[in-house]
Every structure is written in C-alpha cells, then in structure tokens.
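Visitor: This is the structure, below, for whatever I ask next.
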Amino acid sequence: MTPFTAEIVGTMLMILLGNGVVANVVLKGTKGNNSGWIVITTAWALAVFVGVSVAGPISGAHLNPAVTLGLAFAGKFSWDLVPSYIAAEMIGAMLGAFLVWLFNKDHFAITENEADKLGCFSTIPAIRKPFSNLISETIGTFVLIFVIYHFSDPTIALHADPDAKIGLGTVGAIPVSFLVWAIGLSLGGTTGYAINPARDLGPRIMHAILPIKGSSDWGYAWVPVAGPILGAAVAAILYGLLN
C-alpha cells in the first residue's frame, strides 16, 4: 500500500467498526441493542487500534484531518502532504459508513427513529447549543492532539548495538487507543466526541446520499469540523510554547 491507500483503508476500518458499534447499540432488533455507552466507547477505542495497526507502518495512521493538521501545525508533518492525507481520510470515512449501512441494512429498515439512524453515521449533541458544542469538540480534540505529540517512537534501542532496535509492532497502536477511550468516557457525553472532521463529515455525506429517511442535520455539521481544527491549532500553539 501507499500512504494514500493506507489512510483510506485504515480510516475505512476505523469507521466500519466505530460507527458499526453505534449501529449495533441503537438500531432496532440487533443483538447489542441498548447495550450502552461503555460498549460504544470501548469499541471505538478498539476500532482506532485496528485502523492504526493497519495504516501505521505505511502512513503513520493519521486517520483524522485534525491529526494531520495538528502535526503540520507543529512542524512534524509536511504541508505538501496534507491535502492528499485529508482526501484519503474523507474517502475512507465515506467507504466505512457505506459498509456500516450495507451490513445493517435490514435493521435500518425497521428502525423508526430518524435520530438513531443518523447517529450511526455522524454525531448529534446531547444538548444543542452550538457554542458549547464547539467548545466540547475543541477541548476533546486538544487533548487528543496534545497527547499524541508526546507519544514516543515504539522502538527500543539496544545498548550493545544502538543501530539495532526492537520494534513493538502493533503494540504501538495501544496508546492512541487508550487515549481515544479516555476521551470518549470522560469528554464524549456532550457531543458524541467526533474529534475528527472526516469521521463526522464523510459519514454525514453518505447519510444524505443513501436511501435513509430523515435529515442529515447540516445545520450542525460545521461544529464537528471546526471544533477539531481549532483544538488541533490550540494544541500546536501550546506545544510550541512549552517545548
């Protein structure tokens, strides 16, 4: 795979499993119906682990325009690569959302609640107050990006031979998974913690395209895009000041 295709595949898998757990919890007649927030946040963390494990060795597994922009803001990623990474993340998110719909098509058909169906694609605030919702998304993404800056390379140099290194392989995906889990459990209750513009916008576009009844709520769509970008910028500024 190239970095472009790795970002597509990694993001697709993350959305398939992440939005897939939402579908399993909220759609009518599923085995996981009403299993709750702990199930959703745990599966989202594991979804991130899967996506990062696949894409990490090839693209660095951003899987999120806020991560791509945050690394670029901090001088840790080339601005020349930003457009292609964001395009790949959007494509992957849309493909993952399509697979969630295809997998759960029969359950979408028998679910009457339009908000529940939209929630399988994009985020919905618990209390709709755009400014407060923007703050939630900004803070949640700030935590994500600021902590990612402090992750170390998952390799260990051997004292006897500094050029030889022991790699931790896919174990290196665990820290970001725990981080997303913590954000979901602690900061996710207000907006559903998009913390990722592609994660929300790509599936929202698919909701509008696919034969699903109900509004795609475009009036709110700017919040889970603007909030993560602001959070990434604030994280980059603070990191620059402290380092």
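Visitor: In the Gaussian network model of the chain, springs joining C-alpha atoms below 10 Å, which of 136, 59, 215 carries the largest mean-square fluctuation?
Guide: 215
Visitor: Restricting attention to segment 188-229, which trypsin sites (Lys or Arg not before Pro) occupy a DSSP loop and are surrounded by at most 14 other Cβ atoms within 10 Å?
Guide: When the trypsin sites (Lys or Arg not before Pro) of segment 188-229 are filtered for loop state and at most 14 Cβ neighbours within 10 Å, 213 remain.
Visitor: Once phi is turned into θ = phi - 60°, what whole-Hz ³J(HN,Hα) does the Karplus curve with 6.51, -1.76 and 1.60 give for every residue of segment 214-224, x standing for Gly and Pro?
Guide: Values per residue, Gly and Pro as x: x, 6, 8, 6, 5, x, 9, 4, 6, 5, x Hz.
Visitor: Using θ = phi - 60° and the Karplus form 6.51 cos²θ - 1.76 cosθ + 1.60, what ³J(HN,Hα) does each residue of segment 227-233 get, whole Hz, x for Gly and Pro?
Guide: x, x, 5, 4, x, 5, 5
Visitor: Sort all Cα-Cα distances of the chain into consecutive 5 angstrom bins from zero, then give the percent of pairs in each bin up to the one containing the longest distance.
Guide: 1, 7, 14, 18, 21, 17, 11, 6, 3, 2, 1, 0, 0
Visitor: Pop the C-beta distance of residue 129 and residue 78 into the FRET formula with R0 = 25 Å and round what comes out to the nearest 0.05.
Guide: E between residue 129 and residue 78, to the nearest 0.05, is 0.10.
Visitor: Return a single number: how many Lys pairs in the chain, at a sequence separation of 8 or more or on separate chains, have alpha-carbon atoms below 22 angstrom apart.
Guide: Close lysine pairs under the 22 Å cut-off: 9.
Visitor: Below 8 Å between Cα atoms, with a sequence gap of 6+, how large is the relative contact order for the chain in percent?
Guide: Reported as a whole number, the value is 29 percent.
Visitor: I'd like the Karplus ³J(HN,Hα) series for segment 181-191: coefficients 6.51, -1.76, 1.60, θ = phi - 60°, whole numbers in Hz, and an x wherever there's a Gly or Pro.
Guide: 4, 4, 5, x, 5, 8, 10, x, x, 8, 10
Visitor: Which order do the peptides 184-191, 78-85, 60-67 come out in when sorted by mean C-beta neighbours inside 10 angstrom, highest first?
Guide: 60-67, 184-191, 78-85
Only the coordinates and a few stated rules stand behind these numbers; no lab work does. Fair warning: this is a prediction, and the values are worked out from it, not measured in the lab. Here the Cβ is made from the backbone with ideal geometry for all residues, glycine too, and neighbour counts use every protein chain on show.
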